[in-house]
1. Between K213 and K121, what is the FRET efficiency for a Förster distance of 41 Å, r being their Cβ-Cβ separation, to the nearest 0.05?
2. Give the accessible surface of the range 57-121 per residue, rounded to a whole number of Å², with probe radius 1.4 Å and ligands, DNA and RNA excluded.
3. Give the residues of the range 178-194 whose amide nitrogen is closer than 19 Å to a point set 7 Å from the Cα of T58 in the direction of its Cβ.
4. Using 5 Å bins from zero, what percent of all Cα-Cα pairs in the range 87-227 falls into each bin?
5. Between Y254 and H73, what is the label-to-label distance in nm when each label sits 7 Å out along the Cα-to-Cβ direction?
6. May I ask you to list the lysines whose Cα is less than 19 Å away from that of K82, ignoring any residue fewer than eight positions away on the same chain?
7. Which distance in nm do the two modelled labels at N106 and S349 give, with both placed 7 Å along the Cα-to-Cβ direction?
8. In the range 73-114, which trypsin sites (Lys or Arg not before Pro) fall in coil by DSSP and have 11 or fewer other Cβ atoms within 10 Å?
Amino acid sequence: MIQNYHILYGILGTMQKRTLYIVGLIILIGIICYFTLYQKEINDTSEYLAITPVAVHTNGMDFIDSSTCIECHPRIVEDHYKTAHFNSLQLANKKTIKGSFEKSKNTLKLNNKVTFNFIEKDSGFYQEPTFNNQKTPFYSAKMDIVVGSGTKGQSYLMWNNNDLFQLQASYFTPTDSWINSPGAPDELAPARPVLERCLECHTTYAQNISGNKNKNQFHRENLVYGIDCQRCHGPVKKHLVYHKQNPKDTIAKYILKYNSLSRQQRLDACALCHSGLRTETTERAFSFTVGDTLKKFSFPDYNESSLKDLDVHGNQYGLLKASKCFTSSNSLNCTTCHNPHKKERGNISSFNQKCMDCHTTMSKPINCSGDKDKIKEMDNNCIQCHMPLVKSKTMKIHLLESEEISVDVRTHLIGIYNLKNN
Ligand code: HEC
Ligand code: HEC
Ligand code: HEC
Ligand code: HEC
Ligand code: HEC
Ligand code: HEC
Ligand code: HEC
């Protein structure tokens, strides 16, 4: 070190005072630059490391938890936590299971011999069927995962090692009671394997272990619960890192832009899960990302041109597409009426405003010659008459003591209905 100093002085000694001054200045600037850059690099790595993915897609995409977005998108995240999407797949606990464990409400009579009991233990929540009221249950199945926000109902899933099954008893919101799962027989049935496609519609990501889509084994630690930001927005890591480093930049970078998508691409982003059952092509579940063409991944299981084949439950896309509002406009899509970040159920006035946004700007005045007084009385409730509640053909249950009960779903076939019977 000392020797180096001697060499340095030696060189300096041979220089002019003025040159010395300039060289000194350059070195000083160099030192400042070095330290600021070095310092920034340290910050970058620490910020980068702080972003720990909750899961990783087989295509390499990291899944970052939505809590990471709060810093810059607080309102959206707060609203998002209340949506049916976010709550569509959750870990089972006292708060998330809507079915009751209270004495008078914790049983389900499946038939004259079999009764399900719903039991809360220290280790969790269980479904236990018994024969002829015998003490020992036929089996005791733990509810590990809840499917469904509970708007209409919930189903419960169980892990057996890495195998995922749907349990026989579900919950039905209209009757606030435990029920036999829709489609299950009136006798004890084996738990149904849960395939990838079920999770594809109800959650952000799950990784199938074998790669065979008819198998029900999943990596339990590589699962993202609920429909989170990235299900609709794709990769976010670069976006996060960039904006953390450049807090003054208010223009979104490194993130998919919805306003650059075509109408069909926007529709496909929702139709992935809102166009009823679909048959997959050779592409795998969870391989579709927003911006892709859905047709390449799956096609409808029903005759798209026959309205009779469409059920109001889960096929908003097929019904909307058949509506005159859709065919006569070149912009109408799901987000014309829906804010995907908000729980909007019941906010009728906001939906009516969406109808008016279009219909008051059209040259033809609205002429609901129906019943003027009734229209007024209903506070111009457009959807009550033109998007009425319709009974689902598929989402119905059969209760022991009573007849069939179907859930009412808002039809997306916007049109003129004869509602005299209602
Ligand atoms: C450090 C700040 C920051 C963080 C953290 C952040 N963003 Fe952003 N994001 C921005 C800014 C700035 C914009 C541009 C202004 C706006 O649209 O709010 C933006 C815009 C967006 C957009 C709109 C893109 C478009 O169409 O223009 C999406 C989608 C988005 N962010 C998603 C996310 C998600 C998901 C997360 C969490 C995983 C996240 N962001 C975390 C700063 C951030
Ligand atoms: C990954 C599949 C998936 C995608 C993509 C998806 N949804 Fe959904 N959506 C669901 C499921 C599942 C439910 C039912 C959730 C529940 O209640 O458990 C639902 C529920 C809804 C509801 C009812 C909300 C409520 O309060 O009950 C609306 C409205 C909706 N989705 C609109 C959209 C729109 C608009 C898009 C596109 C921007 C979209 N969804 C994309 C799966 C999806
Ligand atoms: C069900 C799909 C869906 C989910 C889940 C979702 N978004 Fe969005 N997001 C959209 C769509 C569709 C748009 C475009 C809306 C439009 O153009 O009207 C959008 C727009 C945005 C925008 C830009 C416009 C705005 O409203 O500021 C931001 C920022 C954003 N999303 C952030 C998020 C964050 C953060 C999350 C998670 C907390 C999230 N989104 C979850 C579908 C979704
Ligand atoms: C094609 C996508 C898709 C598949 C596959 C799918 N669902 Fe759904 N599911 C939906 C949509 C969309 C809704 C809500 C919208 C509606 O009722 O129209 C829903 C609603 C539900 C509800 C009621 C949620 C509530 O809060 O009202 C339950 C429970 C449910 N599904 C369970 C399941 C189970 C269990 C599986 C797999 C065995 C499954 N679903 C497969 C799309 C799907
Ligand atoms: C994007 C603009 C747009 C929106 C939003 C919209 N409509 Fe329309 N709607 C149209 C167009 C265009 C037509 C066709 C008008 C024509 O042919 O004269 C139409 C037709 C109709 C018809 C006649 C249907 C038939 O079968 O004859 C009804 C009823 C209707 N709309 C009600 C509604 C209601 C209720 C809402 C809100 C839930 C709504 N519309 C939202 C654009 C829109
Ligand atoms: C013209 C306006 C309009 C358009 C476009 C529209 N919706 Fe809706 N949607 C509504 C209204 C109104 C409701 C009823 C809300 C309520 O009951 O509070 C609704 C309800 C829903 C529900 C809940 C159904 C139920 O009864 O449980 C789902 C799911 C949904 N929409 C999905 C979609 C999807 C996916 C698209 C695009 C394919 C779409 N919507 C397009 C107006 C619209
Ligand atoms: C009480 C039920 C009712 C309500 C509420 C209602 N309509 Fe109508 N509407 C009707 C009936 C019935 C017709 C068919 C009239 C006919 O053809 O004689 C109609 C026809 C229409 C048409 C097609 C006829 C035309 O003039 O092109 C449109 C568009 C329409 N309504 C829009 C709306 C909008 C937007 C709202 C909300 C502001 C609304 N309606 C509220 C019952 C209703």
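1. Here the calculated transfer efficiency is 0.75.
2. That works out to 60 Å² per residue.
3. Flagged as within label range: 194.
4. Going out from 0 Å in 5 Å bins, the range 87-227 shows 2, 10, 20, 24, 20, 13, 8, 3, 1 percent.
5. With each label placed 7 Å out from Cα toward Cβ, I get 1.5 nm.
6. Qualifying lysines at Cα under 19 Å: K94, K95, K98, K152, K342, K343.
7. Roughly 4.4 nm, to one decimal.
8. Loop-located and lightly packed - K94, K95.
The values are calculated or read from the model by the stated rules, or taken from the named source; none is laboratory data. What you see is a predicted model; the values in this text were computed from it and never measured. Positions of Cβ are backbone-derived with ideal geometry, glycine not excepted, and every protein chain shown enters the neighbour counts. Surface areas here come from the heavy atoms of the whole protein model, side chains and all, with no ligands, DNA or RNA. Shrake-Rupley method; radii C 1.70, N 1.55, O 1.52, S 1.80 Å.
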